[in-house]
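Note sheet for the following structure.
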Amino acid sequence: FEALTRLDGEDESDTMPAEFLKKIKEQNLFRKFDMFVFKKCCEWIKSDNDNFVVACNFSREPLTADGAAERIVKTADDTGVKHGSVAVEITAAALKDGDNICRNIAALKALGFKIYVDDFEKSDMSAEDLAAFRPDVVKLGREMFVNIKTREEKQRFKNTIELVKKTGAKALCEGVESKEQADTVKELGCDMLQGYYFYKPTRAEKPTDLV
């Protein structure tokens, strides 16, 4: 699963991240916000005896701060959730923000947390750069495969998947919206698929409500 954050509106509508994250940025609240969401994520996993892996997105600011790994570990431990049931998800671009983030990611990985890297195709990271973080999963956006038609386009996408796998990670294609897209990315070597074709974002009290 991937945890998504929405704010409830007075008319039962949701406020999307593009709107409320502006306020969080303006008030420099990313650390508090990310840790609040992470705690909720841990509690949600624990409600079902943590038999699933749930990815929780982190912005670059919290993960570059001193003591970030310790705060994440303490939150998980206080909740009682298994480290391996939690995936810390960060964009590829954020991974290039210096030594602190490298140390924090390495510490979390060593303690059993999963590491997911998003937006790899939007970064200039090489396979060697990526391999240094030893991610478990690398996510590829739908813009990479949604209009694949020619043999050359398929080969370029396949090459990206193979590059990801050379780091020891699994390739996850997100934004899959049709059977045709699902069949295409599976044929080209993608390990994991995510998107509206399988399930649209929804609320659930616990993971098994969705299975």
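Scanning region 144-177 for residues that are touching a helix residue (DSSP H, G or I) at 6+ places or on another chain (Cβ under 6 Å) and among the charged types (D, E, K, R) yields one hit, Lys166.
Restricting the first member to region 183-211 and to residues that are closer than 20 Å to Thr5 by Cα, and the second to residues that are of a type in the set (Asp, Glu), the beta-carbon pairs closer than 8 Å and six or more apart or on different chains are Gln194/Glu2; Gln194/Glu174; Gly195/Glu174; Gly195/Glu177; Tyr196/Glu177; Lys206/Asp48; Pro207/Asp48; Thr208/Asp48. Can you find, within region 60-75, the residue that is modelled with the lowest pLDDT among those that are small (Gly, Ala, Ser) and surrounded by fewer than 18 Cβ atoms within 10 Å (Cβ to Cβ)? The extreme case among them is Ala65. Residue count for region 36-59 under the criterion of being over 14 Å from Val81 (Cβ atoms) and either touching a His at 6+ places or on another chain (Cβ under 8 Å) or buried (at least 18 other Cβ atoms within 10 Å of the Cβ) (or both): the result is 2.
Does Lys154 meet the test of being of a type outside the set (Gly, Ala, Ser) and within 18 Å of the chain's Cα centre (by Cα)? No, not satisfied. I need the full set of residues from region 185-211 which are touching a strand residue (DSSP E or B) at 6+ places or on another chain (Cβ under 9 Å), open to solvent by less than 80 Å² (accessible area, probe 1.4 Å) and either in a helix (DSSP H, G or I) or of a type in the set (S, T, N, Q) (or both), in order please. Of everything in region 185-211, those that are touching a strand residue (DSSP E or B) at 6+ places or on another chain (Cβ under 9 Å), open to solvent by less than 80 Å² (accessible area, probe 1.4 Å) and either in a helix (DSSP H, G or I) or of a type in the set (S, T, N, Q) (or both) turn out to be Val185, Gln194, Pro207.
Within region 159-182, being touching a residue at least 24 places away in the same chain (Cβ under 8 Å), of a type in the set (A, V, I, L, M) and either under 28 Å from Asp48 (Cα atoms) or open to solvent by less than 40 Å² (accessible area, probe 1.4 Å) (or both) holds for Ile161, Val164, Ala169, Ala171, Leu172, Val176.
Per the conditions (1) touching a helix residue (DSSP H, G or I) at 6+ places or on another chain (Cβ under 7 Å); (2) open to solvent by 90 Å² or more (accessible area, probe 1.4 Å), the sole criterion not satisfied by Lys32 is (1). For region 121-145, filtered to residues that are in a loop (DSSP other than H, G, I, E, B), modelled with pLDDT of 90 or more and open to solvent by less than 30 Å² (accessible area, probe 1.4 Å), the residue that is farthest from Glu177 (Cα to Cα) is Pro135. Annotation: of all residues in region 76-92 being of a type in the set (D, E, K, R) and within 18 Å of Tyr116 (Cα to Cα), the one that is surrounded by the most Cβ atoms within 10 Å (Cβ to Cβ) is Glu89. Of the listed requirements (1) exposed (fewer than 12 other Cβ atoms within 10 Å of the Cβ); (2) without any contact (Cβ under 8 Å) to a residue 12 or more places away in the chain; (3) part of a loop (DSSP other than H, G, I, E, B); (4) not small (Gly, Ala, Ser), Lys22 misses just one: (3). Of all residues in region 106-120, those that are among the acidic types (Asp, Glu) have Cβ atoms under 8 Å from Cβ atoms of residues that are in a strand (DSSP E or B) and open to solvent by less than 40 Å² (accessible area, probe 1.4 Å), 6 or more apart or on another chain, in Asp118/Glu89; Asp118/Ile90; Asp118/Lys139; Asp119/Lys139.
The values are calculated or read from the model by the stated rules, or taken from the named source; none is laboratory data. Not measured: the values here are computed from a predicted model. No Cβ is skipped: glycine too gets one built from the backbone with ideal geometry, and neighbour counts run over all protein chains shown. Heads up: the accessible areas ignore ligands, DNA and RNA and are worked out on the full protein's heavy atoms, side chains in. Shrake-Rupley method; radii C 1.70, N 1.55, O 1.52, S 1.80 Å.
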